[in-house]
Amino acid sequence: MTTRLGSIAFFLFSFFSLQAQQSDSSLIVKIRNNMQLAVEQYKLLDANVPEGRMPQNFSEQSGKLVTSNTKWWCAGFFPGTLWYIFEYTKDPAIRALAEKRLKLMEPEKHFKSNHDLGFMMYCSFGNAYRITGDPSYKATIDTSAMSLATRFRPGIQSIQSWDSSKNFSCAVIVDNMMNLELLTWVSNNGGDQLFRDIAVTHANTTIERQFRPNNSAYHVLDYSLAQNKLLRKTTWQGAHDTSAWARGQAWALYGFTMMYRLTRDTRYLDQANKIAAFVLNHGHLPKDGIPFWDFDAKEIPNTFRDASAAAILASALIELSAYVSGSLTSSYLLSAETMLNTLSSETYLAKQGTNGGFLLKHSVGALPLNGEVDVALTYADYYFVEAMLRYLARKG
Ligand code: GLY
């Protein structure tokens, strides 16, 4: 009897292992195809964007490609994605494009007008330095950290995201977690300890003030700098002040996972696990893994999905899966696989020669502001490519 049960258990184990391996290998094949597509699409995108500009978005509906200058918060994603594609393909033509577009970003190392320097300079120069080891790239990263650190406000223990405007006095947004990688990396790599201290302080303040009891993040905290006082918890890109804007949750998950990698402080790991539980157990997360633009959008299911949120979540979950064990590891990997499989489907992935040269369709920038709704966006592509390369690395 024991032997028979043992054989059945062995059969079931082998059957499910085989199924898991088959689904792994079919995703790996898709990823390899997607990366070949990325080479062709990004050459096309480069050809479509005038010298001196960066791609910003593409609308399938209007057929219009929008470009930006290098001060737009997303300007670093195009060179960053080119570096990732080069890392995978070793295609010298892609490297030449990456170097050409990277050069445009260099003067922004002195940019101090908002918190987005991490996105702009680390996703671009961080990858360039990691892949090439060119010391001039490291010097640019170091200067960028100095610029970003000028936005730290000790009175509120936070980095100020946006300057004062008619909408906000001193806004600190959850997206800001992403910019901590630039600061922490520089301290960890021979730079001033101060940058890491600022990043850690900001991350701790975020845990203390930016989350609701259900572990979803508010988008914006607005402070009075004159009184060092929190005025309100609100939103800018979400459905309403108490809603869970999808990309905000993705930034938070990625940000705390990354801060755990860079500091090994288990508070950040705990926070990342809590955010993952909020997102993955949410009744409004569709089975195909692509979130609606806001988990609390009242029009669900008749509203837009946000491919960018899925790409960021997938990348973060693949990393986080390596820091946990047992069923959490498999559940994070399975969720990331679902997201990557759906993003690799015809609905989301562009056909070669279409979509202006972008890879992914159907992202949402800022729906309440009627900005960049249901378009291709540079950061959706960046985190999609990153997630795919992380997945390949994870699967050896
Ligand atoms: N950081 C701005 C956004 O996610 O739209």
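The values are calculated or read from the model by the stated rules, or taken from the named source; none is laboratory data. Everything quoted here is computed from the prediction, not taken from an experiment. Glycine gets a Cβ as well: all are built from the backbone with ideal geometry, and neighbour counts include every protein chain shown. We work out accessible area using only protein heavy atoms, side chains counted, and drop any ligands, DNA or RNA first. Shrake-Rupley method; radii C 1.70, N 1.55, O 1.52, S 1.80 Å.
Within segment 340-362, the set of residues being closer than 24 Å to residue 238 by Cβ and either in contact with a Phe, Trp or Tyr (Cβ under 8 Å, 6 or more places away or on another chain) or among the basic types (Lys, Arg) (or both) comprises 342, 343, 360, 361, 362. Of all residues in segment 169-185, those that are under 17 Å from residue 154 (Cα atoms) and small (Gly, Ala, Ser) have Cβ atoms under 9 Å from Cβ atoms of residues that are open to solvent by 10 Å² or more (accessible area, probe 1.4 Å) and near the ligand (Cβ under 10 Å from one of its atoms), 6 or more apart or on another chain, in 171/236. Among the residues making up segment 345-385, those that are part of a helix (DSSP H, G or I) and either away from the ligand (no atom under 14 Å from the Cβ) or within 18 Å of the chain's Cα centre (by Cα) (or both) are 355, 356, 357, 378, 379, 380, 381, 382, 383, 384, 385. The numbered conditions (1) modelled with pLDDT under 95; (2) β-branched (Val, Ile, Thr); (3) surrounded by 17 or more Cβ atoms within 10 Å (Cβ to Cβ) are all true for residue 8 except (3). So, residue 35, is that one away from the ligand (no atom under 16 Å from the Cβ) and touching a residue at least 60 places away in the same chain (Cβ under 8 Å) or not? Considered against the rule, which asks whether it is away from the ligand (no atom under 16 Å from the Cβ) and touching a residue at least 60 places away in the same chain (Cβ under 8 Å), residue 35 comes out as yes. If you go through segment 65-108 and pick out every residue that is buried (at least 16 other Cβ atoms within 10 Å of the Cβ), touching a residue at least 40 places away in the same chain (Cβ under 8 Å) and assigned to a helix (DSSP H, G or I), you end up with 16. Is it the case that segment 160-182 has a residue that's open to solvent by 40 Å² or more (accessible area, probe 1.4 Å), touching a strand residue (DSSP E or B) at 6+ places or on another chain (Cβ under 6 Å) and more than 23 Å from residue 87 (Cα to Cα)? The answer is yes; a qualifying residue exists. Mind listing just one residue for me: the one in segment 109-122 that is assigned to a helix (DSSP H, G or I) and within 16 Å of the ligand (Cβ to nearest atom) and, of those, most open to solvent (accessible area, probe 1.4 Å)? Within segment 109-122, the match that is most open to solvent (accessible area, probe 1.4 Å) is 122. Restricting attention to segment 213-235, the residues being part of a loop (DSSP other than H, G, I, E, B) and in contact with a strand residue (DSSP E or B) (Cβ under 7 Å, 6 or more places away or on another chain) number 4. The residue that is farthest from the chain's Cα centre (by Cα), among those in segment 123-154 that are within 16 Å of the ligand (Cβ to nearest atom) and not basic (Lys, Arg), is 148. Evaluated against (1) out of contact with any helix residue (DSSP H, G or I) (no Cβ under 9 Å at 6 or more places or on another chain); (2) open to solvent by less than 40 Å² (accessible area, probe 1.4 Å), residue 232 falls short on exactly one condition, (2). Might you check whether a residue that is under 22 Å from residue 388 (Cα atoms) and out of contact with any Asp or Glu (no Cβ under 8 Å at 6 or more places or on another chain) occurs anywhere in segment 59-73? The answer is no; no qualifying residue exists.
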